[in-house]
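The structure appears right after this line, and notes come after that.
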Amino acid sequence: MKLFCITGMPCAGKTTAIKILSGKFPVVSMGDVIRRDIKEKNIDKDMREYSTEIRKKDKSYVAKICIPELTEIAKISKTCIVDGVRNYEEVEEFRKFYDVVLLAIHASPKKRYERFTNRKRPDDNLTYDGFINRDISELSWGLGNVIALSDLIISNEEDDVNKFKENLTAKISRIEKL
């Protein structure tokens, strides 16, 4: 199975890319897998705290707990989208089993902060310092390496979703029939 692993800094447009691609391919959200892990193990920590803790112990842990779901999807699909890759060890774990294409969505810090303040998720700290601290936290997991080593990088600087969709689908169409 081919995996398109989506990565990028917070508010770069990963969720938008997933929404565009989810109509064509199944999606596995690494965040959802972590949330299930927290619930199943009855862990009393928030997702960010737990994610940091488990990645310190085993950088590929989240990828490993995605494998059972991906194995089931591979029975019915030749392609799957994985949302939320945060370090290169996760990519390497997926590559043991699948043909991985690493896709980074990029937007400038200024544009991402604008989106950050507009999305108003309950776990967002809406100060600029909170935004920078979140970036630093994600970069500490190895996210910068994943972005730098991506097979495809798609810019999402503008607010034109149709233009972003055209760019995204054109790049992916070179690899996979849409």
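Do we have Gly130 as within 30 Å of Glu49 (Cβ to Cβ), modelled with pLDDT under 95 and surrounded by 18 or more Cβ atoms within 10 Å (Cβ to Cβ) here? Before you say what the answer is, go through the steps one by one.
Details: within 30 Å of Glu49 (Cβ to Cβ): yes; modelled with pLDDT under 95: yes; surrounded by 18 or more Cβ atoms within 10 Å (Cβ to Cβ): no.
Spelling it out, it is not the case that Gly130 is within 30 Å of Glu49 (Cβ to Cβ), modelled with pLDDT under 95 and surrounded by 18 or more Cβ atoms within 10 Å (Cβ to Cβ).
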Kindly indicate whether Glu176 is over 24 Å from Tyr50 (Cα atoms), modelled with pLDDT of 90 or more, charged (D, E, K, R) and outside any helix (DSSP H, G or I). no
Any idea how many residues of the range 91-111 are out of contact with any strand residue (DSSP E or B) (no Cβ under 8 Å at 6 or more places or on another chain) and buried (at least 21 other Cβ atoms within 10 Å of the Cβ)? 1
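Look through the range 133-156, keep the residues that are of a type outside the set (Ser, Thr, Tyr) and in a loop (DSSP other than H, G, I, E, B), and return whichever of them is farthest from Lys171 (Cα to Cα). Walk me through how you get there before you give the answer.
We begin by selecting, within the range 133-156, every residue of a type outside the set (Ser, Thr, Tyr); these are 133-136, 138-139, 141-149, 151-154, 156.
The next check asks that each one be in a loop (DSSP other than H, G, I, E, B); those that pass are 141-142, 149, 151, 156.
Numbers: Trp141: 27, Gly142: 25, Leu149: 17, Asp151: 11, Asn156: 13 Å.
Ranking the qualifying residues of the range 133-156, first place goes to Trp141.
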Go through the range 62-75 and give me each residue that's without any contact (Cβ under 8 Å) to a residue 40 or more places away in the chain and surrounded by fewer than 19 Cβ atoms within 10 Å (Cβ to Cβ). Lys64, Ile65, Ile67, Pro68, Thr71, Glu72, Lys75
Could you say which residue among Lys163, Lys96 is modelled with pLDDT of 95 or more and basic (Lys, Arg)? Lys96
It is to be established whether one or more residues within the range 121-131 are touching a Ser or Thr at 6+ places or on another chain (Cβ under 7 Å), within 18 Å of Thr15 (Cα to Cα) and in contact (Cβ under 8 Å) with a residue 12 or more places away in the chain. no
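The values are calculated or read from the model by the stated rules, or taken from the named source; none is laboratory data. Values in this document were obtained by computation on a predicted structure and should not be read as measured data. Using ideal geometry, Cβ is built from the backbone for each residue, glycine included, and neighbour counts are taken over all protein chains shown.
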